Amino acid sequence: MGRMKDLVIDMEDTFYDHCYDIVSGCEVVEDFVSEISEYQFLMPLHSDSDFTELVVDIWNDYWQEKGHE
């Protein structure tokens, strides 16, 4: 079970790396959701709605930190 958990954690880390590489180039959340969706396979434990909510939260957090609410 430990190897499976490690694999899922590595996949999630890779997903977040992609998010942070892509988010700065997206000025609207719909573009970000569209672009990052190709990496949804890296988040196998998230339903479609949970995935979308997570991605929107990442986009909002990034732009809020940049002062663009």
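Each reported figure results from applying straightforward, stated rules to the coordinates on display, with no laboratory input. Keep in mind that what you see is a predicted model, and the values were worked out from it rather than measured. Virtual Cβ from ideal backbone geometry, glycine too; neighbours counted across all protein chains shown.
A P(r) calculated from all alpha carbon pairs of the stretch 1-67, with 5 Å bins opening at zero, reads 3, 18, 28, 23, 14, 8, 4, 2, 0 percent. Rounded to the nearest 500, the helix-only mean residue ellipticity at 222 nm of the chain stands at -22500 deg cm²/dmol, with each DSSP H run of n ≥ 4 adding -39,500 (n - 2.57). Relative contact order of the chain: what whole-number percent is it, with Cα pairs under 8 angstrom and at least 6 residues apart? Relative contact order, the chain: 34 percent. What the Cβ-Cβ distance of Glu53 and Arg3 gives, at R0 = 25 Å and to the nearest 0.05, is a FRET efficiency of 0.30. Projecting the Cα atoms of Phe32, Met43, Trp59 onto the charge dipole of the stretch 2-65, computed from C-beta unit charges around the Cα centre, puts Met43 farthest toward the positive end. The dipole here belongs to the stretch 2-65: it is taken about the Cα centre, uses +1 on the Cβ of Lys and Arg and -1 on the Cβ of Asp and Glu, and is about 300 debye.
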